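Let me begin by presenting the structure, written as structure tokens, before commenting on it.
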Amino acid sequence: MDFAAKPVLTGERTVLRPFTARDADTMWEIVNDPEVVRFTFEPDTELTPERLRAWYGVRTADPDRLDLAVTDRATGELVGEVVLYDWDPAARGCTFRTLIGARGRGRGLGSEATRLIVGHGFERAGLHRVQLEVYAHNARARRVYEKAGFVVEGIRREAALRDGVWVDEVLMAVLEHEWAAHARGAGDG
């Protein structure tokens, strides 16, 4: 099992597809969105359009991670990304992260994109565990993750200094048997 094959995953509202270098300009706008910065990047992260072009230009070559562009199915507009990374083949686990720009928020695109990529990880790539970290004050993201079946495993208290305030990091994960039960339950409603 690895992430060498980069799928296109289609939902009712979103299409997840491999990145291309052409996506860098839109991603530059997205990563500079104040809410994305507030909840995603460390304050000392230095991003430039050139670095993003290089980054997104090679994402399709990595067999140990899966970076997919989140697009609005109705318009084709790129609104963010979802990523499975830090793949541990022995434990059949990896870490998940996402970011959705302003034009993609509040419409269920992030929730569907999360379910699509996590489902792919369990159902097609053979994962046993998917974990993530989220700032405690990011209530929107925590709701998305809980709806996708993630459960809180712990809290790293005052783990990051953001805008002059210490914030907690919440550790969450979902296991393959939990995902299967959650996915069955979601199909019942």
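The values are calculated or read from the model by the stated rules, or taken from the named source; none is laboratory data. As the structure is a prediction and not an experimental result, all values here were calculated from the model. Please note: Cβ atoms are built from the backbone with ideal geometry, for glycine as well, and neighbour counts cover all protein chains shown. Quick note on the areas: whole protein, heavy atoms, side chains included, nothing else; ligands and nucleic acids left out. Shrake-Rupley method; radii C 1.70, N 1.55, O 1.52, S 1.80 Å.
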**Item:** Residues satisfying the stated conditions in segment 97-134, i.e. among the hydroxyl-bearing types (Ser, Thr, Tyr) and in a helix (DSSP H, G or I)
**Value:** Ser111, Thr114
**Message:** open to solvent by 30 Å² or more (accessible area, probe 1.4 Å), under 18 Å from Thr14 (Cα atoms) and at pLDDT below 95: which single residue out of Arg115, Arg107 fits that description?
**Reply:** Arg107
**Message:** Which numbered condition in (1) open to solvent by 80 Å² or more (accessible area, probe 1.4 Å); (2) more than 22 Å from Ala160 (Cβ to Cβ); (3) at pLDDT below 90 is the only one that Pro34 fails?
**Reply:** (2)
**Prompt:** Given the conditions (1) surrounded by 13 or more Cβ atoms within 10 Å (Cβ to Cβ); (2) in a loop (DSSP other than H, G, I, E, B); (3) free of Cβ contacts under 8 Å to residues at least 12 places away in the same chain, which single one is not true for His137?
**Reply:** (3)
**Request:** Name, by its number, the condition in (1) surrounded by fewer than 20 Cβ atoms within 10 Å (Cβ to Cβ); (2) modelled with pLDDT of 95 or more that does not hold for Val82.
**Result:** (1)
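Could you identify the single residue in Gly119, Gly126, Gly101 that is closer than 25 Å to Asp33 by Cβ, of a type outside the set (A, V, I, L, M, F, W, C) and touching a residue at least 40 places away in the same chain (Cβ under 8 Å)?
Details: Gly119 fails: closer than 25 Å to Asp33 by Cβ; Gly126 fails: closer than 25 Å to Asp33 by Cβ.
From the options Gly119, Gly126, Gly101, the qualifying one is Gly101.
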**Item:** Close pairs (9 angstrom Cβ cut-off, 6 or more residues apart or separate chains): without any contact (Cβ under 8 Å) to a residue 40 or more places away in the chain in segment 165-178, buried (at least 18 other Cβ atoms within 10 Å of the Cβ) and part of a strand (DSSP E or B) anywhere
**Value:** Val167/Tyr135; Asp168/Tyr135; Glu169/Val134; Glu169/Tyr135; Val170/Leu132; Val170/Val134; Val170/Tyr135
**Request:** List every residue pair whose Cβ atoms lie under 6 Å apart, where the two residues are 6 or more positions apart in sequence or sit on different chains, the first residue falls within segment 4-15 and is within 20 Å of Arg103 (Cβ to Cβ), and the second residue, located anywhere, is modelled with pLDDT of 95 or more and charged (D, E, K, R).
**Result:** Gly11/Glu112; Arg13/Arg73; Arg13/Glu112; Thr14/Arg73; Thr14/Glu112; Val15/Arg73
